[in-house]
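So the structure is just underneath, and the comments pick up after that.
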Number of protein chains: 2
Amino acid sequence: MKLKELAEQLGLSQTTVSRALNGYPEVNKATRERVSRAALQFGYSANANARRLAIGRVGAIGILMPNDRSERFGPHTSEFFSGLAERLSQDEFDLLMSPVTNNDEIASYQRLISSKRVDAIIVTGPTLMDERVTMLIEEKFPFVLHGRTNIEAPHAWLDIDNAGAFRQAASHLLDLGHRHIAMIDGLKGHTFSEHRELGYREALQGRGVPVDPRFIVHERFSDEVAFRETQRLLACDPHPTAIIAGSMMTALGVSRAIRSEGYEIGKEVSIIAHDDVFPYLNASNMVPSMTTTRSSIRSAGIRIAEMLVRVLDGEPVEHIHEVWPVELILRQSSGPPTSPGQR
Amino acid sequence: MKLKELAEQLGLSQTTVSRALNGYPEVNKATRERVSRAALQFGYSANANARRLAIGRVGAIGILMPNDRSERFGPHTSEFFSGLAERLSQDEFDLLMSPVTNNDEIASYQRLISSKRVDAIIVTGPTLMDERVTMLIEEKFPFVLHGRTNIEAPHAWLDIDNAGAFRQAASHLLDLGHRHIAMIDGLKGHTFSEHRELGYREALQGRGVPVDPRFIVHERFSDEVAFRETQRLLACDPHPTAIIAGSMMTALGVSRAIRSEGYEIGKEVSIIAHDDVFPYLNASNMVPSMTTTRSSIRSAGIRIAEMLVRVLDGEPVEHIHEVWPVELILRQSSGPPTSPGQR
DNA sequence: ATCAAAATTCAAAGCGCTTTGAACAATAGT
DNA sequence: ACTATTGTTCAAAGCGCTTTGAATTTTGAT
C-alpha cells in the first residue's frame, strides 16, 4: 500500500496523511487519529527510499567491512557492533555494513558517501596517519573514529588509553621483580599497537631496564600465533619471566605455550592480558584467573553511537573526543618471578 | 555531483549517461568510455535512494537484531555474519542490521518489509513453529532461514543435523561404556535445541539406557551457567560420567567445574562439545583437547548468502534447502569412564 | 544518390514520498 | 455583519534516478 492509496481510502490528500503520520502540528487531532488507525490497519509504512530521496536523510550508519578475512568480524568487532547497535536502535538508526570492493578501501568509502546510503560512517582500527580519516575530513562527511590518529584537523573520536594500559601492566610486573618482560600485541602500524608499545617502553626505560627487541612481537591476534611466538620467546636465554598479551585470545595461546613448556603460570612465567571484555571469555574464570588491563569494547560502541548522534545533530566535532582510562585488575596469572626449583 | 550535472558537463542527455554507466548495450563504445572516465574523475556515484526508488530494488539484505541483549551478537552470530558478508560482498549486497523496536519482533519484520529497505531477509534461531517464518511466507517476502521449523509451506532454509550430532556424541559415549550421560544445551523452544535433545534421547533409548530428566539441561550458552549446572550435575548420585555440551563456551564452563570438583577430564568425566568453529577457540588446542561434533557456522553463513542470491534470482524455494551432516571428531576429552581410584 | 534498417541519442514520464504556497473553513475581534 | 486571525486541508512541484517511446544520425544495400 502506498501513500496515495491510503489517502484515497481516507478521502484525504497525500499532504495531510503524510503530515499526520510524521507528527506535524497543523493536523486536526481527530484526523491524525483516524490516519494513524488506518495506517496500522492497512500495514502502511512509507517506502523508505522515496522518503529518503525526498528528505535527504537516510537513517543509517555505515561501517565498511574490510575484505581481508582476518580483520573482519573478530570477537572484538562483534562486541563493538553489539554496543553500537544497542545505542543506535534507540534512535531507530539502521546499521549498514558494506563490503570493501576491489580491495580499494578509500574508493569504497567514497562510493558509500556519494551514493548517499548512510548519514554517517564509523571508522575503526586506524593507523597513525589514516588516509580514510584524512579523506573523510576533507569531504566533510560526518564520522566518528574508534581509536586515534596523529591527524591534527578536528574530528570526533573515542580511544582508550592503550599506552597507559601497557605502561601499567609493565610497571606492575617490574614492581613484582620481573626484569625480562615480553609483549605480544597486534600488527604494527595500527595506532593502538604503537601506543601500547610506547607505554611498554616508557615503563621499562623509566626503571632503566633495557628493551630487548626480540621481546616485542607484533602479530595478528590469535591463539595459534601467540602459542608459537611464546614458544619462541621461552626458548630465548634468558627467557622472559612475564608476557603482556594484547588480547584475551592471545592470552590463551600464551598460557598454553607456558604450560606446554612445563612452567607454571603466575609463578615461573606471569601473564597480563588486555581484556576487551567478552561475555563468553571471562578472565576471572580462567585457571589460573587472569590479570588484565580491562576496558569494555562494548561500552565504547555504545558511546561512539552517542557521539555519532551528536555529530549528526550538528555539534562541532572539535569537542567530541574522549580517552578512556584502562583499569589494571590483579589476579592470579601475575606474581613475582620464581625460578623453577624455587617453589 | 548529480546525474544532471554530469550529463551537462558531457553535453549528453541524462538518459545516455545513465545507460552508459549501467552497461546498457545501446550506447556507443566511445561515448561509454568518455562517460566512465568523467564519472571517475568527478567522483560521481548515483544517489542510491533515487536509484532504488526508480528501479524498485535495494541491493541490501536485512537482519533483525533481537533487543534481548543476551541473544544479540554472541560469537555464533558474528561468525555467521562473517560468512554472510564474505559471500554477499561478491554481489555487492549490503547487509542491513535493523533493531527490533518496541520489543515487537513481528511488527519490526513487517516494517522492514513494507518500508522496502531490503530485498530479502535472513531469519535465524527459529522455534519449531516460528511465527516470523509463517508471516514471511504469507507476505511472500524473500527470505532464507538458518535452521529449520515444522512449518510445511515451502521456504528456503539451511540447517545442520543437530539430532545427528547429539546422537553420535551420545552413542560414542555409550560405546565407551558410559551409562550416565548428561547434556547441557541451549534454551528450549528453539529447533536446534529440541532436535539435539531428540538425538540424545534416541541414542540412549536405542541402548535401553534410561533417560534421567535431571541430566537434561536447557540454558543460555555461557561459561557461567555451564559451570553452575555442571556442579549441580556432579553433585547428583550417581553423577554423570559424561557431559555433552551444546557450545564451546558451555564446554569451557563444564571443564572448569569438572576440574574444580577434582575430577580429571576424559577420565572420570568425559566431555563432548558441539563446535561451531571459532577462529579463536580451537578445540584441538585445549588442554586436554576437546572431542567435538563439528560444523562451521561460518560456512553456513556463506552458503545461506548463496541461497539468498538464488531466491532473489527467482529460483523456486521448494528446492532450496539443505541439511548439513555433522562430524564427530575424537580427541582427548572423551574416554572410557574411570572410577576415581582406578588410574 | 536514395531509402530502409540499424545504431545512437534524447525528452519526458514516473518511482513514492515531503514540502511549499495557496485555498478554504472555523473562530475571534470590532 | 465584516474583516482579521487562526486552524486545516489541498494541489503541485521537486528529490535524482531509470526507462519508455520517439527522434535523430549512421550504415548498408540498391
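Between chains A and B, what is the buried accessible area in Å², counting both sides, with a 1.4 Å probe and ligands, DNA and RNA left out, to the nearest 100? Can you show the working numbers first?
Working: alone 16820 and 16840 Å², together 29360 Å².
Summing both chains' loss of accessible area gives about 4300 Å².
Note down the net charge around A:PRO213, summing +1 for each Lys or Arg and -1 for each Asp or Glu among other residues with Cβ under 13 Å from its Cβ.
On the way: positive: A:LYS188, A:ARG201, A:ARG214; negative: A:GLU197, A:ASP212.
That works out to +1.
List, shortest first and in nm to one decimal, how far the label point of B:ASP104 (7 Å from Cα along Cα→Cβ) is from its counterparts in the other copies.
Result for B:ASP104, in nm, nearest copy first: 4.6.
Determine the calculated [θ] at 222 nm for chain A from helices alone, applying -39500 (n - 2.57) to every DSSP H run no shorter than 4 residues and normalising by the residue count; nearest 500 deg cm²/dmol.
Working: 12 runs with 144 residues, N = 343.
Theoretical 222 nm ellipticity from helices: -13000 deg cm²/dmol.
Tell me, what HN-Hα J-couplings in whole Hz come from the Karplus equation 6.51 cos²θ - 1.76 cosθ + 1.60 at θ = phi - 60° for each residue of the stretch B:210-216, using x for Gly and Pro?
x, 8, 9, x, 5, 8, 10
In chain A, what percentage of the DSSP-assigned beta bridges are antiparallel, given to the nearest 5? Intermediate results must be reported in sequence, preceding the final value.
Values: 5 of 41 bridges.
Around 10 percent of the beta bridges assigned by DSSP in chain A are antiparallel ones.
Per residue, how many Å² of accessible area does the stretch B:3-46 show with a 1.4 Å probe? If you can, show how the numbers build up before the last one.
Values: 2910 Å² over 44 residues.
With the other protein chains kept in place, the stretch B:3-46 gives 66 Å² per residue.
Whole-Hz Karplus ³J(HN,Hα) for the stretch B:315-325, in order, using 6.51 cos²θ - 1.76 cosθ + 1.60 and θ = phi - 60°, x for Gly and Pro?
Those phi angles translate into 5, x, 5, 4, 9, 9, 7, 9, 10, 8, x Hz.
Keeping every protein chain in place, order B:MET248, A:MET1 by accessible area at 1.4 Å, biggest value first, i.e. largest first. Spell out each step's value before the answer.
Details: B:MET248 0, A:MET1 95 Å².
In descending accessible area the options line up as A:MET1, B:MET248.
Between B:LEU330 and B:LYS2, what is the FRET efficiency for a Förster distance of 51 Å, r being their Cβ-Cβ separation, to the nearest 0.05?
Numbers: r = 63 Å, r/R0 = 1.23.
Plugging the Cβ-Cβ distance into 1/(1 + (r/R0)^6) gives 0.20.
Can you list residues from other chains, or at least 5 along the same chain, whose modelled amide H is less than 5 Å from the amide H of B:TRP324?
B:ASP159, B:ILE160, B:ASP161
Placing the label point 7 Å from Cα along the Cα-to-Cβ direction, what are the distances from B:GLU322 to the equivalent spots in the other copies, shortest first, in nm to one decimal?
When each copy's label point is compared with this one, the spacings are 4.4 nm.
Where Lys and Arg each count +1 and Asp and Glu each count -1, what net charge lies around B:SER114 among other residues with Cβ under 11 Å from its Cβ? Numbers along the way, then the final one.
Values: positive: A:LYS2, B:ARG111, B:LYS116, B:ARG117; negative: B:GLU139.
Charge balance in the 11 Å sphere: +3.
How much net charge surrounds A:GLY147 when only the other residues with a Cβ under 10 Å from the Cβ of A:GLY147 are counted, with Lys and Arg +1 and Asp and Glu -1? Could the numbers behind the result be given before it?
Working: positive: A:ARG148; negative: A:ASP130, A:ASP159.
Once positives and negatives cancel, what remains is -1.
Is the shape of the stretch B:162-296 best called rounded, prolate or oblate, per the rule: a/c under 1.5 gives rounded, else a/b larger than b/c gives prolate, else oblate, with a ≥ b ≥ c the square roots of the Cα gyration tensor eigenvalues? Intermediate results must be reported in sequence, preceding the final value.
Numbers: a/c = 1.31, a/b = 1.08, b/c = 1.22.
Rounded shape, in that the Cα axes give a/c under 1.5.
Out of the DSSP beta bridges found with both residues in the protein assembly as shown, what percent are antiparallel (nearest 5)? Mind showing how you got there, number by number?
Details: 13 of 85 bridges.
If I count the DSSP bridges inside the protein assembly as shown, around 15 percent turn out antiparallel.
Work out from phi, with θ = phi - 60° and the Karplus expression 6.51 cos²θ - 1.76 cosθ + 1.60, the ³J(HN,Hα) of each residue of the stretch A:109-124, listed in order in whole Hz, and give x for Gly and Pro.
The phi angles translate into 4, 5, 5, 4, 5, 6, 7, 6, 8, 9, 8, 7, 10, 10, 10, 10 Hz.
Taking B:GLN231 in one copy and the same position in all the others, each labelled 7 Å out along Cα→Cβ, what are the pairwise distances from the first, in nm, shortest first?
So the label point of B:GLN231 gives 3.6 nm to the other copies.
FRET efficiency for B:ASP91 and B:ARG179, Cβ-Cβ distance as r, R0 = 45 Å, nearest 0.05? Don't skip to the end; give the middle numbers.
Working: r = 52 Å, r/R0 = 1.15.
Rounded to the nearest 0.05, the efficiency is 0.30.
Looking at the axis that maps chain A onto chain B, which chain A residue has the closest Cβ, and how far off is it in Å, rounded to a whole number?
A:SER78, 2
What nm value, rounded to one decimal, do you get for the distance between B:ARG220 and B:ASN28 when each label is placed 7 Å out toward the C-beta?
Simple spin-label model gives 6.7 nm for this pair.
The values are calculated or read from the model by the stated rules, or taken from the named source; none is laboratory data. Small disclaimer: the values here were computed from a predicted structure and weren't measured. Cβ atoms come from the backbone with ideal geometry, glycine included; neighbour counts cover every protein chain shown. Quick note on the areas: whole protein, heavy atoms, side chains included, nothing else; ligands and nucleic acids left out. Shrake-Rupley method; radii C 1.70, N 1.55, O 1.52, S 1.80 Å.
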